Each structure stands twice: as C-alpha cells, then as structure tokens.
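What follows is a single structure, written as structure tokens, with notes after it.
Throughout, read-outs are computed from the coordinates displayed, never taken from laboratory work. Worth saying up front: this structure is predicted, and the values here are computed from it rather than measured. Every residue, glycine among them, receives a Cβ derived from its backbone with ideal geometry; neighbour counts consider all protein chains shown.
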Amino acid sequence: MRGFERYKFVAALGAMVVLGACGGGGTTTGSGLGSGPLLVGVIAPFSGADAALGPAYYAACLAAAPSINNNGGVGGRQVSCQKFDSRGEPADGVPAANAMIAGNSNLMAVVGCTSDEASAVAPIIDRAHIPMFCMTGQTEFNKTTLKYFHRLVPADIYDAYAMVGSALYGPGHAPYKKAALVFGNDIGSQAFVAPATNAFTKLGGTIAINQPINLTPGTSYRTEVATMLATHPDVILTEALGAAGTYLKEVKTQNGGQMIPFIGTSATIDPTWFKQVSDAIGVNDLVKYYAGVDLGYSFSGPAYDEFLTNLNAAASTFAEAPTYKQRGSTLHLYDGIIMTALAMNETNSADPTVYNPKIKEIANGTSGATVVGTYKEGVAAIKAGKTIQFVGAGGQNSFDAYNNSVSGYIWVTYDSQGNEVKAGQMTPEQTAQIANAGGI
C-alpha cells in the first residue's frame with residue numbers, strides 16, 4: 001500500500017507498451033469519445049529503495065488494457081500503459097508527473113502515486129484534471145480536497161492497527177507484549193510508526209525499540225540488529241522494502257540461528273519481498289515466523305478470473321507480471337482502470353471533467369444499478385441503457401465523500417510457494433478497540 005523515492009526525473013522509465021485488440025467484441029461508438037490511442041500513466045518507484053512497488057502497479061495496467069482493448073476499446077480507442085519513475089522521492093516525482101502530463105494529451109488515468117511522492121505529485125495530476133488511483137496511505141488524504149484523487153486502500157494507520165491486532169490477538173501465539181519497530185527511514189514506512197506506537201502502548205504493550213533503518217543497498221545492519229536484540233523484543237513489526245532480507249538474515253545470525261516472530265504490513269505481501277526474505281532466512285523460517293496483514297480478498301469469481309488470465313498473458317511483455325496475482329494493490333489498480341474506462345463509456349465523453357464524477361457512482365452503485373464484474377459486461381449493460389455498479393477483482397468499493405474506500409482487514413501468512421494464506425480476521429470489537437486506542 002505504499003512506496004517512496006527521490007528527485008531526479010528518470011524520464012519515463014520503460015517504453016510504452018501498446019496492447020492491441022486480439023479478437024474480442026465489437027467496437028463501442030460515441031461521438032464524444034474521440035479517436036486515437038489512450039494512455040494510462042503509471043507513476044511510481046521503478047528504481048531506488050522502493051523499486052519493488054512500481055512493477056506491481058504496472059502489472060495492473062498490463063492486465064486491464066486487454067480487458068478493454070479486446071472488447072472494443074473505449075469507443076474504439078485502444079489503451080496502453082507507460083511507466084514514469086518517481087524514484088520514491090518528491091524531488092523526482094514532480095518532474096516525472098510534469099513530463100507525463102505535458103507529453104501525453106491522451107492521458108485517461110494515472111495509477112501509482114505512492115506515499116513517497118503522492119504529496120507532491122497528486123496536486124499536479126489534480127490540476128491537470130486527470131483521475132488518479134493512488135497507493136498512498138498518508139492521513140493527509142483522508143479528507144482531501146483533490147477532486148480527481150481516488151484511494152482504493154485504507155490509510156496507513158489502518159495497516160498499523162491491523163499489525164497491532166495481529167500482535168495482540170492473532171492466532172497461533174500468546175499475545176506479544178514487547179515489540180521492536182523496524183521500519184525504513186523513508187516517508188511511507190515511517191507513517192506506520194506513530195499509530196502503531198499509540199495503539200500498542202495504550203493496549204498494554206511496550207515498544208522495546210523504535211529503529212528507523214537506512215534502506216541504501218549494501219547496508220549490513222550488523223550494529224542495528226545487535227542494538228535491537230539487546231532490547232529482547234517478543235516480535236518485530238516491520239516494513240523495510242528492499243532491506244528486509246538482509247536485516248532478518250542478520251537477526252538469525254546474531255540470535256544463534258533462531259528467528260524472532262515478525263509481522264509485516266500489507267506491502268510485504270509481494271513476490272519480490274517473499275523471495276528476498278526466503279532466500280535470506282530460509283523458506284521454512286519465513287513460513288513459521290512471518291505474519292502479515294491484508295484486505296479480505298477472495299481471489300475468485302469472474303472478475304478475478306479475467307484479471308488472472310490477462311496477468312498471465314502479460315508475461316510475454318513483463319515476465320514477472322503473473323507473480324502479482326495476490327497483490328492487493330495490483331487488483332485494486334486494475335479495477336480503477338476498468339472503472340475509468342466504463343465511466344467514459346457511460347458519459348460518452350473523453351473529457352475527464354465529465355467522466356471523473358461517474359467513477360465514484362460506478363464503484364458505489366445507485367438504486368437499481370446492474371452489478372457487473374468485467375469491462376465487457378459493463379459496456380453491454382451501458383449499451384442496453386442500464387446504470388451499472390462495478391465489483392471487480394479487488395471486490396466492492398465504497399467511496400466516501402473524499403473518494404476514500406476502506407475495507408476490513410485479515411491476518412495472513414505465507415505457504416512455502418509464496419501464496420497468501422488467511423490465518424484469521426479482526427472482529428469488529430477488536431478493530432474498534434484498537435482504533436480507539438490509536439486515537440481515531
């Protein structure tokens with residue numbers, strides 16, 4: 001649910017990938033939809049400490065584009081995807097966003113904009129009147145005034161509260177009462193620290209150490225781990241993307257070959273993270289000692305099936321695409337792109353000032369709306385004169401007045417193949433107790 005890097009624009013990392021229609025339904029028509037190709041911009045870290053984030057978001061677009069293109073496009077217009085590297089830093093994100101907007105008059109939507117750079121780039125995208133689906137958990141967006149901003153995941157405080165819930169109430173272990181907070185020193189990772197600290201301590205826990213760590217590649221963490229182990233924590237709460245394998249391997253080495261239980265944010269439900277950590281400490285220890293938090297996805301149904309089919313097919317363009325089949329952010333951004341294309345169809349307009357408000361209506365639904373799970377179903381219903389509600393690969397959304405959509409959390413583990421396994425779920429009572437302790 002996040003991401004973070006710096007200010008040097010690496011002009012549009014990766015070439016535009018145009019996904020042509022191959023088979024599929026008839027072309028939708030409408031004079032207001034214009035002509036020519038359409039572009040989805042993926043602005044996110046593709047290099048730097050959080051470089052693992054961008055590929056998950058790019059994969060979402062590679063899966064969404066054929067869903068649209070193989071079913072007539074948007075009024076016959078084909079959709080393509082292009083990367084714009086923010087490096088996870090505001091100083092790099094600003095020129096990336098400016099270049100994306102200035103160089104692409106056919107920009108229909110933007111996805112990505114992580115916690116690392118969202119504060120800087122979201123206002124730029126909003127001023128350009130381009131709908132955006134941002135993977136930022138920053139609380140400043142909880143009541144944002146940006147009309148084109150959409151968030152399909154909860155704020156970071158909810159991830160933090162779910163981690164606290166896993167520590168205190170999670171299955172398979174006695175309550176952990178003494179926690180080490182080991183988070184990257186980047187903007188996004190640090191957003192978890194204060195809410196986790198507040199909730200955990202007010203519910204009777206103790207913070208053994210709060211240890212922001214440098215995510216620079218090549219850092220050994222020998223000293224940091226020794227300092228952390230000296231505080232004797234029961235559990236480690238963590239998000240340190242790109243550094244977790246090195247850090248946790250050092251933990252195992254200095255702790256006599258024995259791991260300490262560790263709980264990760266939803267961003268640790270990621271194939272790159274799984275490989276780095278399993279290579280470092282062994283898959284058996286990862287499966288035994290790791291717990292994570294995620295939203296309650298079913299990974300099933302017609303919408304997910306189409307997403308998965310397209311994701312697998314995208315391997316011909318991006319070999320790692322199929323590994324994001326259980327990455328929540330990938331599912332959500334896929335849905336955001338589909339909803340944008342459906343909003344353009346329903347309003348018969350390529351003007352984002354016209355179709356942007358329709359996105360929320362399509363997500364939330366209105367009285368009597370026809371529920372659809374694929375772009376093809378949505379276009380057919382629109383042609384039949386029906387209003388629609390889209391329930392996609394990531395499930396149902398419920399945008400509030402600030403275009404934030406919040407779902408419930410589950411506790412998860414990994415199996416030995418890197419697949420997410422549901423271990424439990426916070427009850428409404430537990431959720432309320434933690435939120436109250438955290439100050440909500």
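Structure data summary
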quantity: The chain - percent relative contact order, Cα under 8 Å, separation 6 or more; calculated: 18
quantity: Mean separation of Cα contacts under 8 Å (6+ apart) over length of segment 374-440, as relative contact order %; calculated: 15
quantity: Cβ-based exposure ranking for Ser166, Ser105, in which fewest neighbours within 10 Å come first; calculated: Ser105, Ser166
quantity: Phi to ³J(HN,Hα) by Karplus 6.51 cos²θ - 1.76 cosθ + 1.60 over segment 298-313, Hz, x for Gly, Pro; calculated: 8, 6, 7, x, x, 5, 5, 4, 5, 4, 5, 4, 5, 5, 5, 5
quantity: Using θ = phi - 60° and Karplus 6.51 cos²θ - 1.76 cosθ + 1.60, couplings along segment 278-287 (whole Hz; Gly, Pro as x); calculated: 5, 5, 7, 10, x, 5, 5, 6, 4, 5
quantity: Under 5 Å, built H, 5+ apart or other chain: amide partners of Gln78; calculated: Leu38
quantity: Distance from segment 41-67 to segment 75-149 (C-alpha centre basis), Å; calculated: 12
quantity: Whole-Hz couplings from phi, Karplus 6.51/-1.76/1.60, listed for segment 340-357; x for Gly and Pro; calculated: 5, 5, 5, 5, 5, 5, 5, 8, 6, 8, 9, 8, x, 5, 8, 8, 4, x
quantity: Residues with amide H under 5 Å from that of Lys178, placed H, sequence gap 5 or more; calculated: Thr206, Asp234, Val235
quantity: Sequence of Ser80, Ser35 once ranked by neighbouring C-beta atoms within 10 Å, starting from the fewest; calculated: Ser35, Ser80
quantity: For Val406, residues with placed amide H under 5 Å, excluding near neighbours; calculated: Ser398
quantity: Order of Thr340, Thr317 - criterion: other Cβ atoms within 10 Å of each residue's Cβ, fewest first; calculated: Thr317, Thr340
quantity: Trypsin sites (Lys or Arg not before Pro) within segment 100-183, DSSP loop, no more than 15 other Cβ atoms inside 10 Å; calculated: Lys143, Lys147
